[in-house]
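Derivation of every value follows stated rules applied to the coordinates shown; laboratory data play no part. These figures come from a predicted structure and were not determined experimentally. For neighbour counting, all protein chains shown are included, and Cβ atoms are generated from backbone atoms with ideal geometry for every residue, glycine included.
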């Protein structure tokens with residue numbers, strides 16, 4: 001039985017998202033500071049009266065590797081996760097592992113909402129008999145985790161945290177726990193979301209969560225800019241292969257970085273408003289769990305969704321957790337480029353954090369024209385930042401409606 | 001207008017291919033859905049729902065368990081459309 005301090009290596013990465021069809025294209029687009037927000041090329045605005053008609057949609061071609069029969073049995077959220085999981089698994093070298101020591105933890109904020117709503121349309125328009133018999137396995141929130149577990153033959157457990165926009169990071173944290181607790185040697189973790197649907201857009205717009213910059217969507221996601229006015233919906237999946245250091249070493253695996261610390265807290269405060277105390281508690285716990293000090297954190301991949309209150313509140317919470325020791329670190333919000341992937345966000349941003357630690361490069365935050373003077377830390381404003389020599393520890397935050405606070409610390413060695 | 005046996009077989013093969021990826025040329029009258037074509041129960045129901053729409057027939061749930069082979073299904077649909 002491994003000790004609780006078993007180190008968790010990251011040995012494989014995979015993603016499909018608005019920036020790219022895989023990890024390599026995503027990283028290249030991210031370093032180039034690419035905005036992916038576009039006006040919808042459909043009639044949703046006119047047809048449904050949407051006040052917001054843009055989002056960061058999946059890169060065309062991202063799902064080409066799926067066969068048609070495969071795609072028909074998976075909700076888009078399941079398709080994204082499957083393609084990303086296959087990339088991550090191949091990237092890890094398709095490790096040989098005892099099936100009872102292989103786990104899956106893949107979260108989603110909403111699950112198969114396209115399937116749910118499409119099939120309700122079928123019931124209303126064509127009658128109950130025409131409902132797709134695959135509806136239930138497609139719409140269930142655990143569909144991605146279940147299908148990936150079957151694909152890989154993973155029998156140590158397949159889990160699905162559902163904690164809104166913290167789901168993907170919670171999956172990373174729970175996967176770390178499976179390895180540390182001795183339940184698995186290898187765990188495929190991540191998050192997925194496919195919810196750019198007129199109903200979802202309307203619902204987020206009606207709580208004034210979305211940017212309304214309809215005349216200039218490419219610059220709408222602008223964390224830390226004084227004129228930020230809400231987030232931009234994104235979609236996609238991020239998947240990582242976590243592996244005990246011992247197992248990775250035994251097979252000579254390439255290790256990108258280590259998932260060194262995790263912090264999980266809940267606000268018990270408000271269903272949608274964040275609470276800096278809960279956020280700070282998660283950050284503090286993650287750094288302590290990693291056995292690090294505040295000054296070791298060189299980079300923060302922030303939750304930073306581009307909302308007026310949330311962005312600065314988060315950084316203040318981080319500063320509080322670090323005891324004000326923040327001069328050594330640089331912050332970015334990759335949501336400025338990808339939009340907000342909701343349940344996929346924390347997982348994709350953990351992928352970015354791993355890449356940042358591995359390549360010692362912080363991807364930029366784009367669209368800052370006037371930096372909010374309240375911003376309490378250095379931001380990778382408009383261009384990548386190279387991290388100084390030495391050990392790198394990266395903090396990644398993800399917070400979800402309902403008061404779910406997750407922080408993950410990734411280290412380069 | 002009623003479909004012929006060959007038309008029903010060809011149409012069914014298209015549905016099976018679309019839903020499961022089994023090649024249309026492998027969908028032959030004597031083939032068992034489960035043993036030869038490896039079609040599970042949910043996929044079978046998907047094929048039934050699509051066949052009902054394509055051939056404008058009703059295949060009652062209690063009949064589905066009797067459709068062991070492709071030929072059984074073709075025969076049932078041929079009879080049901082009259």
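Numbers below:
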{"read-out": "Dimensions (Å) - the range A:8-250, Cα atoms, principal axes, largest first", "value": "57, 52, 30"}
{"read-out": "Cα convex hull of the protein assembly as shown - mean projected area over all directions, nm²", "value": "24.6 nm²"}
{"read-out": "For the protein assembly as shown, share of DSSP beta bridges that run antiparallel, in % to the nearest 5", "value": "65 percent"}
{"read-out": "Distance in nm between pseudo-label sites at residue A:288 and residue A:181 (7 Å out along the Cβ direction from Cα)", "value": "2.1 nm"}
{"read-out": "Separation of the residue A:130 and residue B:72 label points, Cα + 7 Å toward Cβ, nm", "value": "2.8 nm"}
{"read-out": "DSSP beta bridge pairing in the range A:262-411, given as percent antiparallel to the nearest 5", "value": "60 percent"}
{"read-out": "222 nm mean residue ellipticity, helices alone, for chain A (DSSP H n ≥ 4; -39,500 (n - 2.57); rounded to 500)", "value": "-10000 deg cm²/dmol"}
{"read-out": "Residue B:81 paired with residue A:151, simple spin-label distance in nm, labels 7 Å along Cα-to-beta-carbon", "value": "3.8 nm"}
{"read-out": "Residue A:269/residue B:14 FRET efficiency (R0 45 Å; Cβ-Cβ; nearest 0.05)", "value": "0.20"}
{"read-out": "15 Å tail of the calculated P(r), the range A:90-161, as % of Cα pairs", "value": "61 percent"}
{"read-out": "Gained length - residue A:5 relative to residue A:68, 0.36 nm times residue gap less alpha-carbon distance", "value": "18.3 nm"}
{"read-out": "Burial order of peptide ranges A:102-110, A:176-184 (average beta-carbon count within 10 Å, highest first)", "value": "A:102-110, A:176-184"}
{"read-out": "Cα-based Rg / Dmax (Å) for the range A:262-411", "value": "13.8, 42"}
{"read-out": "Between 0 and 90°, nearest 10: helix B:70-80 axis offset from chain B longest Cα axis", "value": "20 degrees"}
